[in-house]
1. Starting from residues that are buried (at least 16 other Cβ atoms within 10 Å of the Cβ) and modelled with pLDDT under 90, keep the ones in the range 132-157 and report whichever is farthest from Lys40 (Cα to Cα).
2. Within the range 108-131, is even one residue modelled with pLDDT of 95 or more and touching a Cys at 6+ places or on another chain (Cβ under 6 Å)?
3. So Thr43 passes all but one of these: (1) surrounded by fewer than 18 Cβ atoms within 10 Å (Cβ to Cβ); (2) near the ligand (Cβ under 9 Å from one of its atoms); (3) under 20 Å from Arg154 (Cα atoms); (4) at pLDDT 95 or above. Which condition number does it fail?
4. Pull out all pairs, ordered by first then second residue, where Cβ-Cβ is under 9 Å, the residues are six or more apart or on different chains, the first lies in the range 73-100 and is more than 15 Å from Asp178 (Cα to Cα) and among the acidic types (Asp, Glu), and the second is away from the ligand (no atom under 14 Å from the Cβ) and in a strand (DSSP E or B).
5. Taking only the range 64-99 into account, find how many residues are under 18 Å from Asp33 (Cβ atoms) and near the ligand (Cβ under 8 Å from one of its atoms).
6. Select from the range 46-60 the residues that are of a type outside the set (Asp, Glu) and more than 10 Å from the ligand (Cβ to nearest atom) and write down the one among them that is surrounded by the fewest Cβ atoms within 10 Å (Cβ to Cβ).
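The values are calculated or read from the model by the stated rules, or taken from the named source; none is laboratory data. All of these numbers come straight from a predicted model, not from anything done at the bench. Cβ placement follows ideal geometry from the backbone for every residue including glycine, while neighbour counts extend to all protein chains displayed.
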Amino acid sequence: MNIIIFGPQGSGKGTQAELIARNHGLAYISTGDIFRYHIKNKTDLGQEIEKYVTVGQLVPDELTNEIVKDRIRQPDCVVGFVLDGYPRNKLQLELLNTIAEINQVIVIKLSDEEAIKRLSGRLACKCGLSYHLIFNPPKKEGICNHCGEKLFRRDDDNPQAVEKRLAIYHQETEPLFDFFKQKRILHEVDGHLAIEAVYQQIETVLGLNSKNETGLHQNS
Ligand code: AMP
């Protein structure tokens with residue numbers, strides 16, 4: 001099964017996408033994670049895209065599409081995948097439609113107000129987990145519960161970048177929902193609830209019946 005998870009920044013789409021992938025043996029594809037990996041490791045691609053990511057702009061479609069095309073062709077995607085952060089606009093959706101069939105689409109709904117509140121206190125760890133200063137603090141200040149590494153604030157979680165990212169989501173990503181609505185494969189869930197409750201909504205609307213626990217207590 002091939003699934004897309006949509007949601008504004010701070011909606012927890014990364015956490016939910018990973019949970020679905022892990023509990024159902026699907027590949028997890030996050031374009032944001034791929035880009036952050038390249039930036040951190042200062043690859044040629046990383047140096048080229050850093051200027052877009054840090055200010056909250058979209059990486060050019062040609063680059064993004066090439067990366068997704070390559071990733072979806074990897075053997076682990078044959079069983080199915082969960083896409084997080086892609087497609088984000090019409091050109092990306094057009095490309096996706098030429099390389100894969102999407103079976104289910106989840107939209108995690110969250111108000112801008114709540115998204116801004118969540119992102120302003122978000123702390124990330126390089127192992128992929130994220131925390132919140134107020135709503136989900138780590139046990140030891142500034143340190144990841146899971147791997148013990150130092151937590152950091154994502155460059156693109158600064159107020160200007162957050163505003164830009166939310167505007168792009170409303171203007172370029174939300175208009176894609178109609179395409180999936182017409183195919184009757186789009187489901188909306190309430191992102192204001194706790195991680196476990198959001199996950200249960202997703203399992204229900206997808207008609208999946210996972211026996212696995214979320215195993216996660218982090219916000220994202
Ligand atoms: P995310 O982790 O999904 O919030 O993505 C972080 C950043 O990576 C975005 O603000 C963009 O700069 C870039 N990015 C991620 N996915 C895409 C995409 N599909 N198209 C263009 N840029 C993207």
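1. Applying the filter and picking the extreme gives Asn136.
2. Within the range 108-131 (the criterion being modelled with pLDDT of 95 or more and touching a Cys at 6+ places or on another chain (Cβ under 6 Å)), the answer is no, since none of the residues qualifies.
3. Checking Thr43 against (1) surrounded by fewer than 18 Cβ atoms within 10 Å (Cβ to Cβ); (2) near the ligand (Cβ under 9 Å from one of its atoms); (3) under 20 Å from Arg154 (Cα atoms); (4) at pLDDT 95 or above, the one that fails is (2).
4. What qualifies is Asp76/Ala27.
5. Total meeting the criteria: 8.
6. Gln47
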